[in-house]
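S.K.: Quick one: the structure is below, questions incoming.
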Ligand SMILES: Cc1cc2nc3c(=O)[nH]c(=O)nc-3n(C[C@H](O)[C@H](O)[C@H](O)COP(=O)(O)OP(=O)(O)OC[C@H]3O[C@@H](n4cnc5c(N)ncnc54)[C@H](O)[C@@H]3O)c2cc1C
């Protein structure tokens, strides 16, 4: 399926996917499962945020190998945790970032 001609031939036979073939041009090679990687991103560099007023959640924060099928649950959990924290502290609280970091660290320790 890495061969573009075979990949497109297969897509063409899937009624739900076939229409997409005629409306776009590939921008990359065929990427199996969109790349199976575990990747964590941070907006903190050298202890300081590189951008303010932006919080990463979902795949932007933590992209997990799709075969583990946990991406949607993780993203929903992160969004819920962020909403709860903002409700507790208020969006302008100066401790918001530190508390977010503390809770993320605690959650990571609990994750096997
Ligand atoms: C092949 C594959 C299979 C998977 N299977 C599973 C599974 O079975 N179970 C599971 O839990 N997870 C699975 N995942 C992972 C799951 O799809 C992701 O973890 C989840 O979709 C992440 O949600 P998200 O909202 O963070 O990001 P996304 O779903 O990627 O949403 C981001 C959205 O932002 C839009 N966007 C990007 N840039 C901009 C911009 N500049 N302006 C406006 N909009 C923008 C994008 O178009 C997209 O709609 C799979 C992933 C892949 C690739």
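S.K.: Anything in region 72-112 that is in contact (Cβ under 8 Å) with a residue 40 or more places away in the chain and within 15 Å of the chain's Cα centre (by Cα)? List them, or say none.
M.R.: none
S.K.: Okay, moving on. It is to be established whether one or more residues within region 34-42 are within 15 Å of the ligand (Cβ to nearest atom), outside any strand (DSSP E or B) and over 30 Å from residue 2 (Cβ atoms).
M.R.: Looking through region 34-42, none of the residues is within 15 Å of the ligand (Cβ to nearest atom), outside any strand (DSSP E or B) and over 30 Å from residue 2 (Cβ atoms).
S.K.: Within region 84-95, can one find any residue that is closer than 17 Å to residue 41 by Cβ and assigned to a helix (DSSP H, G or I)?
M.R.: No, region 84-95 contains no residue that is closer than 17 Å to residue 41 by Cβ and assigned to a helix (DSSP H, G or I).
S.K.: Something else now. Identify, please: which residue in region 44-89 is surrounded by 10 or more Cβ atoms within 10 Å (Cβ to Cβ) and away from the ligand (no atom under 15 Å from the Cβ) and is, among those, nearest to residue 32 (Cα to Cα)?
M.R.: 44
S.K.: Against the conditions (1) surrounded by 10 or more Cβ atoms within 10 Å (Cβ to Cβ); (2) part of a loop (DSSP other than H, G, I, E, B), where does residue 25 fall short? Just the number, please.
M.R.: (1)
S.K.: Kindly evaluate residue 52 against the criterion of being in contact with a strand residue (DSSP E or B) (Cβ under 8 Å, 6 or more places away or on another chain) and either outside the structural domain of residue 84 (by TED's automatic domain parsing) or under 26 Å from residue 84 (Cβ atoms) (or both).
M.R.: No; evaluated as a whole, the condition is false for this residue.
The values are calculated or read from the model by the stated rules, or taken from the named source; none is laboratory data. Since this is a predicted model, take the numbers as computed values, not measurements. Cβ: placed from backbone, ideal geometry, glycine included. Neighbour counts: every protein chain shown.
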